[in-house]
Amino acid sequence: MANFQLRQFHFFKREPLEDLPEAFKRPELLMTSGGGELIFIADSDGSIHIVNRAFIVRSFVAISEAPDTRITQMLHIHQARTLVTIEENVSSASSRPVIKLWPVDKLMRQTDVQPVTVKYQQPTTTPYPLTAVAVTPSLSQIALGFAGGHIVLIRGNIAKSKSTKQRTLHAAPEPITNLHFVTDDIGTSVTLFATTTAQTLVFDTSATSNKNDASVLEERGCGIGCSLVNEERELIVARDEAIYFYTVEGRGPCFAFDAPKVMIRRFKHYLLLATAAPSPMVAAPTLANVSDGSSSLLQDADSRIYSYNDATTFTILDTKNKLVAYTGVVAGGVRGVATEWGSVFVLGGHGTLDYFSEKDLLEKLDILYRQNLYPLAVKMAQNGSYDLASVAGIYKKYGDWLYSKDEFDSAMSQYVQTIGYVEPSYIIRKYLDAQRLVNLASYLQELHTAGMATSDHTTLLLNCYTKLRDEEKLNQFIHTQEDYQFDVDTAIYVCRQAGFYDQALYLADKFSKTGMYLKLKVEDQEDIKAALEYMRKLGDTDLSAYMAEFGRRCLSSLPRETTELLVD
């Protein structure tokens, strides 16, 4: 797939955090968050460190009995205020991963908290690493994905490890790489998205469903950490050539971005990507050979996130506005990403922690103005919930810039968007001075369509049509007006002076401008017969008055018809 060149900006400020707590300086860290105003860090010694907004750290020992046991995965289910940890013995091929549920509120108050250990059975006699875990917000379902290709579903009161039932949901020849639950607003409909190295799947795991059939969304998968679910309940899959969006119905749009991806996360409407080329000194780990059941496989697979050279790139994609909002190098690779407190935190492989804060909309727009990227500025302002008056101000800037380049047609397209917010005289003066009557007429016409025109605007519009000799538009305008909010006498005068007598007669007749109607018929068109027929409809008083004015002309042209009218 061709890679479209996305415009790149620095819409995020990046600041390295200094004087970090000791928890961040330990080797082989894992970091996660989950929307609960806390960041969780696990180290290789089996300790978990909880960091609050003030960067005050509360630590506890999660593993103490086995020196070779590591926390290999963490999930924070903030709706249930529960931290899920996966423990594995990295030196034993026969060990079984241990899943624990930690009550976060108790962890913040007590030091001797006992977790709930989730009971489950391995789907095969050969132990395989646990490569993916997903938990519903209600803690009523947990899905386990294994490197051997099996997905195990556990239902019940998982928080208390009571009344749980387990079944194998899927068995595939390829390793399971990612699992994501999606629930409806009341939690009755539950969907499980799954990816393997070769497929993208979806399951219905609602309480009323006991089906094991998987719906294959695509015969392509992705790597560990390269998928997520957004707020619209879509699955997003990051492959090297593009980012794909899926619903339960199938694949939707894609976002071209060609780079080898090793991680994807989400922040607001942004996608956070770690992309890199493998180091020539270190072969990139894979999940292809899993027959030996080595428990170190997960560790190797997870290390995809940070086993790349120092050229690992962290990119923030704005999918709404189709641009790169930030790109930069993270030394040692990206070890973890947390999105809390309205900001992004990136843990680097060399023990660094970078803080990314989004610039405000005014700063972003100023950057775009300096590069004359007004269409993008308009789009960003609209997506950023800017009020209509402010958006109109951007259209005005865009129009002014185009006008200064003598691109009058394009400029008028922007000025039309300002109707109702920018004083019309500002635009009218520009185009009167430039004698761009076609553009001026289109603007005045849009003013009338929007109901923002005054009588002066109408007069000016009629003048434009008559000077342009555009009879079609003149007729269309005159015959389609409903309220006629303009000076009729002036309009008739403009049409008469330009020789558009039919249009002047239409207005004179419609607004009972009898004297003007007769002048047009007698003096301009010299249609005496039509004038006499029109006067025949008048009352005696009006007829006497108009005969005194036009009678001599009528008698000289049609004496008999004029006399008959007087006799009658």
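Using helices alone, I'd like the mean residue ellipticity at 222 nm for the chain: each DSSP H run of four-plus residues gives -39500 (n - 2.57), total over residue count, nearest 500.
After summing the helix terms and dividing by the residues of the chain, the value is -8500 deg cm²/dmol.
Beyond 16 Å, what share of the Cα-Cα pairs of segment 437-563 is found? Please give it as a whole percent. Display every interim value, and only then the final one.
Values: 4993 of 8001 pairs.
That tail contains 62 percent of the Cα-Cα pairs.
Whole-Hz Karplus ³J(HN,Hα) for segment 35-44, in order, using 6.51 cos²θ - 1.76 cosθ + 1.60 and θ = phi - 60°, x for Gly and Pro?
In residue order, the calculated couplings are x, x, 6, 9, 10, 10, 10, 10, 10, 6 Hz.
Any idea what the relative contact order of segment 470-538 is, in percent, if you count C-alpha pairs under 8 Å spaced at least 6 apart?
Taking the mean separation of contacting Cα pairs over the length of segment 470-538, I get 19 percent.
Inverting the mean 1/r over all pairs of different Cα atoms, compute the Kirkwood radius of segment 355-403 and quote it in Å.
That comes to 11.1 Å for segment 355-403.
Percent of Cα-Cα pairs more than 13 Å apart in segment 35-97, please.
The share of Cα pairs beyond 13 Å in segment 35-97 comes to 64 percent.
Rounded to the nearest 20 Debye, what is the dipole magnitude of segment 424-568 about its Cα centre when Lys and Arg each give +1 and Asp and Glu each give -1 at the C-beta?
So the magnitude is around 400 debye.
At 25 °C and 0.890 mPa s, grab the translational diffusion coefficient of segment 163-260 from Stokes-Einstein with a Kirkwood Rh over Cα pairs, rounded to a whole number in µm² per second.
175 µm²/s
Kirkwood Rh over alpha-carbon pairs of segment 168-208, then Stokes-Einstein at 10 °C and 1.306 mPa s: what D in µm² s⁻¹, rounded to an integer?
Approximately 144 µm²/s, per Stokes-Einstein.
Using alpha carbons only, what's the Rg to Rh ratio of the chain with Rh from Kirkwood?
Result: Rg/Rh = 1.28.
Rounded to the nearest 0.05, what FRET efficiency do R7 and L566 give with R0 = 56 Å and r taken as the Cβ-Cβ distance? Could you check?
With R0 = 56 Å, the Cβ-Cβ based efficiency is 0.10.
Based on the mean of other Cβ atoms within 10 Å per residue, sort peptides 521-530, 249-258 so the most packed one is first.
Working: 521-530: 15.8, 249-258: 14.0.
Highest mean packing first, the order is 521-530, 249-258.
Using Stokes-Einstein with the Kirkwood hydrodynamic radius over Cα pairs, what translational diffusion coefficient do you get for segment 77-159 at 20 °C and a viscosity of 1.002 mPa s, in µm²/s rounded to a whole number? Provide the component values of the computation, followed by the final result.
Numbers: Rh = 13.7 Å.
After rounding, the answer is 156 µm²/s.
Helix 471-480 versus the longest principal axis of the chain: what angle, 0 to 90°, nearest 10, using Cα atoms?
Tilt of helix 471-480: around 80 degrees.
Taking only the alpha carbons of segment 407-485, what extent do you get along each of the three principal axes, in Å, biggest first?
Answer, in whole Å and largest first: 31, 26, 18 Å.
Taking the Cα atoms only, what angle lies between the long axis of helix 388-404 and the longest principal axis of the chain, rounded to 10 degrees?
Roughly 70 degrees, rounded to the nearest 10.
Taking the solvent-accessible surface of protein heavy atoms with a 1.4 Å probe, what is the per residue accessible area of segment 389-480 in Å²? Could you put the intermediate results ahead of the total?
On the way: 4590 Å² over 92 residues.
That works out to 50 Å² for each residue.
If you place +1 on the Cβ of every Lys and Arg, -1 on the Cβ of every Asp and Glu, and leave all else neutral, what size is the dipole of the chain about its Cα centre, to the nearest 20 Debye?
1420 debye
Once amide H atoms are built 1.01 Å from N in the peptide plane, which residues 5 or more positions from L169, or in another chain, come under 5 Å H to H?
Amide H neighbours of L169, under 5 Å, 5+ apart: I151, V152, L153.
Can you give me the Cα centroid spacing of segment 348-424 and segment 438-468 in angstrom?
28 Å
Regarding segment 461-514, what are the three Cα extents along the principal axes, ordered largest first, in Å?
27, 21, 16
Can you tell me the mean projection area, over all orientations, of the convex hull of segment 28-179's alpha carbons? Units nm², please. Walk me through the intermediate numbers first.
Values: hull surface 35.6 nm².
So the mean shadow area of the Cα hull is 8.9 nm².
Pulled fully out, how much extra length does the chain show between L362 and M108, if you take 0.36 nm times their separation in residues and subtract their Cα-Cα distance? Provide the component values of the computation, followed by the final result.
Details: separation 254, 0.36 × 254 = 91.44 nm, distance 3.87 nm.
Result for the pair: 87.6 nm of gain on full extension.
When a/c is below 1.5 the answer is rounded, else prolate if a/b is larger than b/c, else oblate, so apply that to segment 220-274 with a ≥ b ≥ c taken from the square roots of the Cα gyration tensor eigenvalues.
Because a/c hits 1.5 or more and a/b fails to exceed b/c, segment 220-274 counts as oblate.
In whole percent, how big is the carbon plus sulfur part of the accessible area of segment 309-440, probe 1.4 Å, protein atoms only?
Solvent-exposed carbon and sulfur of segment 309-440 make up 48 percent of the total.
Which residue, I41, V84, F11, has the largest displacement toward the positive end of the dipole of segment 1-88 when charges sit on each Cβ (Lys, Arg +1; Asp, Glu -1)?
F11
In nm, to one decimal, how far is the C254 label point from the R14 one, both placed 7 Å along Cα→Cβ?
A separation of 2.8 nm, rounded to one decimal place.
So which GluC sites (Glu not before Pro) in segment 9-65 end up in coil per DSSP with only 11 or fewer other C-beta atoms within 10 Å?
Sites meeting the loop and neighbour criteria: E18, E37, E65.
Return the long-range amide H neighbours of I243 (sequence gap of 5 or more, or a different chain), with a cut-off of under 5 Å between placed amide H atoms.
Those lying under 5 Å, H to H, from I243 are F255, A256, F257.
log₁₀ I(q)/I(0) of segment 86-244 at q = 0.10, 0.19 Å⁻¹, via Debye over equal Cα point scatterers, no solvent, to two decimals?
The calculated log intensity ratios at q = 0.10, 0.19 Å⁻¹ are -0.37, -1.27.
What is segment 222-261's relative contact order, in percent, from Cα pairs under 8 angstrom and six or more apart in sequence?
31 percent
Enumerate by residue number the GluC sites (Glu not before Pro) in segment 421-497 meeting two conditions: DSSP loop (anything except H, G, I, E, B), and at most 10 other Cβ atoms within 10 Å of the site's Cβ.
E482
Mind checking segment 42-149 for trypsin sites (Lys or Arg not before Pro) that DSSP puts in a loop (not H, G, I, E or B) and that have at most 13 other Cβ atoms within 10 Å?
Listed in order of number, the matching sites are R53, R109, K119.
The values are calculated or read from the model by the stated rules, or taken from the named source; none is laboratory data. Please read all numbers here as calculations on a predicted model, not as lab measurements. Note that each Cβ is placed from the backbone with ideal geometry, even for glycine, and that neighbours are counted across all protein chains shown. Quick note on the areas: whole protein, heavy atoms, side chains included, nothing else; ligands and nucleic acids left out. Shrake-Rupley method; radii C 1.70, N 1.55, O 1.52, S 1.80 Å.
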